[in-house]
Amino acid sequence: MIAPARTLSGADGLKRLSVATPAQPLRLDSGRTLDHVEIAYETWGTLDAEKSNVVVVCHALTMDQFAASPNPVTNRPAWWPSVIGSGKPIDTDRFFVICSNVLGGCMGSTGPASRKPDGSYWGTDFPIITIADMVRAQIALLDQLGIQNIFLAIGGSIGGMQVLEWTIQARDRVFAAIPIAVAPRQSAQNIGFYEVGRQAIMADPNWRGGRYLDEGTRPDRGLAVARMAAHITYVSESSLKQKFDRRLQDRQTKTFGFDADFQIESYLRHQGQVFVDRFDANSYLYITRAMDYFDLPNEHGGVLANAFRGLATRFCVFSFSSDWHYTPEEARDLVRALNAAGCETSYVSIDTDKGHDAFLLDEPEYEAALLGFIDAAASARGLPKRKQP
C-alpha cells in the first residue's frame, strides 16, 4: 500500500498530496504557474510488488475522487459502484485503483475555492486551466506516490478527455485506456450549453465578481440554473418522455402561473437545489471552460491521428446510442483516428435510451463489455487472472 506518511489528511477526512512546490511549480497551458498545488485522492485495493496493477479512474464534471466509497464531506454514496469493487469490472481484489479530484475542483484539490498564501480565496484570480493541466497534476501525483506504470486509465465524459490526455502525455506509461462517452473535441453546441450555465452563475448578484467566498455569499440560484441546463444534455428525450412526459406535478390542473406545474420542472429544480450543496460555482466555471478548450485535432496539426501515432496503448472506446452530448459519431471519429495511427483499438456501441449518463447507470451489456476488455488486457499484461466466484 501507499505509505500514509506521505499523505496529508485534513480534518475534513480528505487525503491530499502536494504535487507542486516553489522549487518545481506546476506549469499551465495558459503560461502561468502554480507554486503550490495539492491534489486530493482516494485509493482502493492493494498495490502489487511490481506496481503493475494500477488503475487510474478519471472523474466526470460534477463527480469527485469518491468513485467507490461514500464521500465523508457530502455523505453522498460512491458514484461508480457498479464498476469498481470486489468482483466488479474494476476488481479491487485484483487492482490498485486511484481516483483524484481534478485540479480546479472543489473536493480538496487546489482550485478557485482554495486559499491563496495571503489567506484569501483564489476565486477568479485562479488561472484558467485545461484538461491537459489536470492530467499534468495527476501525473505529478502518481510520481509523488512512486508509481510509474499504469495498467489502465478509464473515465467517462470529461473523464474520457483526461484518459485521452493521459495516453498522450504519459506515452510509455499507460498500457490500456477506456475513454467512455467522449469526443476528441468540444462541440459548438456543448460550448453553448455550458456558456448558458456560466452566464447564469455570473448574473447571480451573489457571485460578486467571483469573490463570493471572501464576501460570505454564494451564487446558489445561478449555479442551480447552470446545473439544470447541463442536466438536460445528460439524458435522452426518450428517457424524459418515459419518466415524465407532460405529466403534472402533484396536481390535477394547470396553475396558469410559473410554479412547477410539470414533473420535469420539479425534477430539474430538485437537481439544481441538491447540486449547490456539494459544488463550488467558480469550480463549475473553470472546469466547463477547460472542457470547451479541449480540441485534440487542433493541438496536433489539424489531424486527430497525429495525437496517437507511436502509442503502444491498447484502447477500448465506448459510446451510447442515445447520447447527444457526446455522440456515437464523435466516438467513431476517435476510433477512426486511433486506427489511422495504428493503435490496437476496440469500439463498443451500447444501445440504450439512458443518454449520456448511461455510463454511470446500470447497463449490463456495458458492464459485461468493460469486464471482457479489462480481463483481456490484464491477461496480455501478465496480471493474475480473475478469481471465479
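Please treat every number below as a calculation from the coordinates, not as lab data. Predicted, not measured: the structure shown is a model, and the values here were computed from it. Note that each Cβ is placed from the backbone with ideal geometry, even for glycine, and that neighbours are counted across all protein chains shown.
Hey, got a sec? Which trypsin sites (Lys or Arg not before Pro) in region 232-303 land in a DSSP loop and have at most 14 other Cβ atoms within 10 Å?
Arg246, Arg247, Arg251, Lys254
Using the structure shown, select from Lys88/Lys243; Lys51/Lys116; Lys254/Lys354; Lys51/Lys88 the pairs with a Cα to Cα distance greater than 31 angstrom.
Lys51/Lys116
At a Förster distance of 22 Å, what's the computed FRET efficiency of Asp351 paired with Asp245, Cβ-Cβ distance as r, to 0.05?
The formula returns an efficiency of 0.50 here.
Glu215 versus Thr253, label points 7 Å from Cα toward the beta carbon: distance in nm?
Output for this residue pair reads 4.5 nm.
Can you give the FRET efficiency to the nearest 0.05 for Ala49 and Arg309, using r as the Cβ-Cβ distance and R₀ = 35 Å? Intermediate values should be presented prior to the final figure.
Values: r = 34 Å, r/R0 = 0.96.
The calculated FRET efficiency here is 0.55.
Taking R0 as 51 Å, what FRET efficiency do you get between His36 and Glu195 from their Cβ-Cβ distance, rounded to the nearest 0.05?
For His36 and Glu195, the calculated efficiency is 0.95.
Only four residue types carry charge here, +1 at the Cβ of Lys and Arg and -1 at the Cβ of Asp and Glu. Report the dipole size of the chain about the Cα centre in Debye, rounded to the nearest 20.
400
Using a 10 Å cut-off on Cβ atoms, rank the peptides 184-192, 48-56 from the highest mean neighbour count down. Each step should come with its number before you reach the end.
Numbers: 184-192: 15.9, 48-56: 18.8.
Ranking the peptides 184-192, 48-56 by packing returns 48-56, 184-192.
List the aspartates and glutamates whose Cα lies under 15 Å from the Cα of Lys15, skipping any in the same chain that are fewer than 8 positions away.
Glu38, Glu42, Asp64
Taking the Cα atoms of region 44-112 alone, what are Rg (to one decimal) and Dmax (as a whole number) in Å?
12.6, 38
Tell me which GluC sites (Glu not before Pro) from region 303-370 have a DSSP coil assignment and no more than 10 other beta carbons within 10 Å of their own.
When the GluC sites (Glu not before Pro) of region 303-370 are filtered for loop state and at most 10 Cβ neighbours within 10 Å, nothing remains.
Return the equivalent ellipsoid semi-axes of the chain as a descending list in whole Å, where each equals the square root of 5 times an eigenvalue of the C-alpha gyration tensor.
Values for the chain, descending: 32, 27, 21 Å.
Rounded to the nearest 20 Debye, what is the dipole magnitude of region 190-289 about its Cα centre when Lys and Arg each give +1 and Asp and Glu each give -1 at the C-beta?
Approximately 180 debye in magnitude.
Hey, what number do you get for the chain at 222 nm if only DSSP H runs of n ≥ 4 count, each worth -39500 (n - 2.57), divided across all residues, to the nearest 500?
-10000 deg cm²/dmol
Could you identify which residue out of Asp91, Asp351, Asp323 has the top mean-square fluctuation in a GNM of the chain using Cα springs shorter than 10 Å?
With Cα springs under 10 Å in the chain, the top fluctuation among Asp91, Asp351, Asp323 is at Asp351.
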